[in-house]
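Notes follow once the structure below has been shown.
The values are calculated or read from the model by the stated rules, or taken from the named source; none is laboratory data. Everything quoted here is computed from the prediction, not taken from an experiment. Note: ideal-geometry Cβ built from the backbone for every residue, glycine included; neighbour counts use all protein chains shown. What goes into the accessible areas is simple: the full protein's heavy atoms, side chains included, and nothing from ligands, DNA or RNA. Shrake-Rupley method; radii C 1.70, N 1.55, O 1.52, S 1.80 Å.
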Amino acid sequence: MTHARAASPLASSPPVLGVLISGRGSNLQAIIRAIGDGRLAARIGIVIANRPDAGGLEHARAAGIPTAVIDHKAFGSRAAFEEALVARLAETGVAVICLAGFMRILSPFFLERAPGPVLNVHPSLLPSFPGVDAQRQAWSHGVKVAGATVHLVTPELDAGPIIAQATVPVHDADTAESLAARILVEEHRLYPDAIARVLTCRWHIDGRRFVCE
């Protein structure tokens with residue numbers, strides 16, 4: 001069942017993003033750059049990490065973006081953790097939630113209560129190679145084309161409607177690491193463009209398809 005909701009272009013000026021991270025925050029940096037360059041008409045209202053040592057927190061603070069740490073280990077249940085996330089996002093006035101290396105699976109509890117659509121970027125051409133270490137999965141499988149996908153988040157892992165994709169050729173001389181590095185470049189380009197698409201077009205979900213009118 002898809003919990004993403006149909007939407008018209010978001011009216012707030014500029015729309016507010018909430019970004020959830022667990023680590024270094026390279027896709028967060030790409031979103032910050034796109035906003036600064038004028039390629040993405042939005043502002044980041046808050047960056048939330050579930051780990052106190054997440055490197056992306058420093059990138060957010062350097063850009064003057066409010067941050068919060070909501071450590072999942074401090075809660076007695078997933079529902080309690082996700083309730084805290086939802087409350088902080090809602091009080092910030094977030095319109096779209098962007099996962100940027102957020103290493104927690106979000107439950108239907110969160111997705112049904114989230115104050116806006118939830119987006120994720122994944123380093124493969126979904127539905128191929130969901131889950132962790134997708135770049136190595138693709139390289140090991142011997143595919144000739146890999147890539148990145150931005151999708152709406154649903155309770156099923158890496159299975160939500162696809163918003164945008166970018167392809168990356170796999171060279172014979174590639175290692176899993178060199179392929180991952182080239183895919184990351186495309187992630188950084190693709191994610192802000194996909195966020196802008198969600199913010200600016202009138203879209204709906206048709207079956208499994210993200211349709212932008």
### Message
So if I check each of Arg182, Arg113, Arg189, Arg197, which one is open to solvent by 20 Å² or more (accessible area, probe 1.4 Å) and in contact with a helix residue (DSSP H, G or I) (Cβ under 7 Å, 6 or more places away or on another chain)?
### Response
Arg113
### Query
So is Ala62 of a type in the set (A, V, I, L, M, F, W, C) and open to solvent by 40 Å² or more (accessible area, probe 1.4 Å) or not?
yes
### Summary
Flagged in segment 63-92 as within 18 Å of the chain's Cα centre (by Cα) and within 17 Å of Glu112 (Cα to Cα), in numbering order, are Glu82, Leu85, Val86, Arg88, Leu89, Ala90
### Message
Name the single residue that is nearest to Val19 (Cα to Cα) among those in segment 112-149 being in a loop (DSSP other than H, G, I, E, B) and of a type in the set (D, E, K, R).
### Response
Asp133
### Task
For Ala134, state whether it is within 25 Å of Pro52 (Cβ to Cβ), open to solvent by less than 60 Å² (accessible area, probe 1.4 Å) and among the hydrophobic types (A, V, I, L, M, F, W, C).
no
### Message
Quick check on His141: is it over 14 Å from the mean Cα position of the chain (by Cα) and open to solvent by 10 Å² or more (accessible area, probe 1.4 Å)?
### Response
yes
### Query
Would it be correct to say that Pro52 is touching an Asp or Glu at 6+ places or on another chain (Cβ under 7 Å), more than 28 Å from Gly207 (Cα to Cα), open to solvent by 40 Å² or more (accessible area, probe 1.4 Å) and modelled with pLDDT of 95 or more?
yes
### Task
Check off (1) under 15 Å from Leu99 (Cβ atoms); (2) of a type in the set (Asp, Glu); (3) in contact (Cβ under 8 Å) with a residue 40 or more places away in the chain for Asp193 and give me the number that stays unchecked.
(1)
### Query
Which of the residues that make up segment 150-177 are open to solvent by 40 Å² or more (accessible area, probe 1.4 Å) and either outside any helix (DSSP H, G or I) or among the small types (Gly, Ala, Ser) (or both)?
Glu156, Leu157, Ile162, Gln165, Thr167, Pro169, His171, Asp172, Ala173, Thr175
### Query
Across segment 29-49, what is the total count of residues that are open to solvent by 50 Å² or more (accessible area, probe 1.4 Å) and of a type in the set (A, V, I, L, M)?
1
### Message
Looking at the structure I just gave you, is Ala84 in a helix (DSSP H, G or I) and farther than 18 Å from Ser22 by Cα?
### Response
no
